[in-house]
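Here's the structure we're looking at; comments come further down.
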């Protein structure tokens, strides 16, 4: 059983360390622990997920430290984060070397002869190999671990990347799960070391002589449970545990993440089964976690500063985002947003704050042109956005719809909706300065305002919400949405791929998934912030709005609220 020991959870300290790896390069890492008496406590090494940094393991690391464990969490080399090397040169065998370098550091610098390794997703594959090679790993914990990278990539890309490589295709610089990687080096080294398929993983599992605790997500779209069971099931050292209601990105479901984090701590401290009731773990001081998160976020910004202006980034992103018009998940999302906006009254003024390439505007036009009587005074639609390409695309789409209906003569041209567009940087809003910088509209003028998936990308979202409240008429509707923290885009991607789309659409979906990975990395650095439902509610209430409805949509990955003045 876990000893009932009280640790001072408000005294967890994080020490930044750096050490060499075999070959060349240095690894950056943090040691998290309660300093008093830490010398005799067990050690846990946390491997980062592919495409993430040591910062993403902060919450679990502090929970481990609060319960009497010393934690080393590190950045991989040739990867995102603070360790040496370029992401383009990342390989799985190189990650094995990185993990073993952490063990060298702990042994030589701290006298540590045995550790528990915690890994997740693709990092579990190189952790399994390291556990086979290195007796200093005494227990391995895998959270939604990839056991067949070839199959996972085939699910993502609808193409057998490893298979075509083995048949002689030259991949060059290739997008691998959202990052440009030297395809020849990545694929060839994985194949040479038998790290790419289920057969190689099964061979490694058969050689394991230490406990392996594997948590599988019930709704995982990238990893097949039956294959996991076949690969791990023959070794009695392996224990498979379910994560109820979770997808591959476990943190997408806060309750599931909390439950698995508790079980990870338990598994690091004991060999006994996790009890259904009665577990009392120390919880780290939330202020410490937030403080350390801010510190590491600023370090990441300095180490990997943004090289692309926001206008350019979003202009490029919108060329990929238009594909979502074909997605059933996105169509359902737009229908929800439309229903929350309510029936458009004759002559209504509609503001699309952050219109992008005009997908919500298309909903407005179809609502008017296909559902409202031809004799009813049409609404006026106003679209605002940061980028010229987005506005050009939006206006072109909207005019095409109007021209199509005009050709059918279903509605007199004079009764077509009014259309207006404005180039606007919401970051420049400053209503309290002199002279004030505001939205170019009078108070109480808009009947309906939609702010779809915009607030997360602003440094001061509350300023925009306050301005939207100002220009919303009493009784009007404001609909605001945000992707969830740790949103899992795999479900939207898989739903779209299952719609019998064209090969061109599949390629476009890959590009969109890649762009989503870039946004996720910018979120980690603190440039963006996604919101839980309660956080959206709080932002709206602080702006003087009353929230009257809240929903989940877009493959269950977006929070949507309706507010009134």
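Some points to look at:
- Cα gyration tensor, segment 329-381 - rounded (a/c under 1.5), prolate or oblate: prolate
- Overall form of segment 107-232 per C-alpha gyration tensor (a/c, 1.5; a/b vs b/c): prolate
- Nearest-0.05 FRET efficiency for residue 339 and residue 506, computed from C-beta distance (R0 25 Å): 0.25
- When the convex hull of its Cα atoms is projected in every direction, mean area for the chain (nm²): 27.9
- Average Cα contact separation per residue, segment 316-564, under 8 Å, 6 or more apart, as relative contact order %: 22
- Taking the DSSP beta bridges with both ends in the chain, the antiparallel portion is around 40 percent.
- Helix-only mean residue ellipticity at 222 nm for the chain, each DSSP H run of n ≥ 4 adding -39500 (n - 2.57), per residue, nearest 500: -12500 deg cm²/dmol
- For the pair segment 297-334 / segment 444-509, the C-alpha centres are spaced 12 Å from each other.
- For segment 5-159, the relative contact order works out to 20 percent when only alpha carbon pairs closer than 8 Å and six or more residues apart are counted.
- Debye intensity ratio I(q)/I(0), log10, segment 316-564, q values 0.11, 0.15, 0.17 Å⁻¹ (C-alpha model): -0.58, -1.11, -1.42
- nm² value of the averaged projected area, convex hull over the Cα atoms of segment 392-531: 12.2
- With contacts taken as Cα pairs under 8 Å at a separation of at least 6 residues, the chain carries a relative contact order of 11 percent.
- Residues of segment 120-154 with amide N under 17 Å of a point placed 7 Å along Cα→Cβ from residue 113: 134-139
- With the Kirkwood sum run over all distinct C-alpha pairs, segment 1-110 has a hydrodynamic radius of 14.4 Å.
- Rounded D (µm²/s) - segment 18-303, Kirkwood Rh over Cα pairs, Stokes-Einstein at 20 °C, 1.002 mPa s: 111
- One Cα centroid belongs to segment 60-113, the other to segment 335-353; the line between them spans 51 Å.
- Prolate/oblate/rounded call for segment 213-312, Cα gyration tensor, a/c under 1.5 rounded: oblate
Read-outs throughout are calculated quantities, based only on the coordinates presented, and are distinct from any laboratory measurement. Being a predicted model, the structure only gives us computed values, none of them experimental. Positions of Cβ are generated from backbone atoms using ideal geometry, with glycine treated the same way; all protein chains shown enter the neighbour counts.
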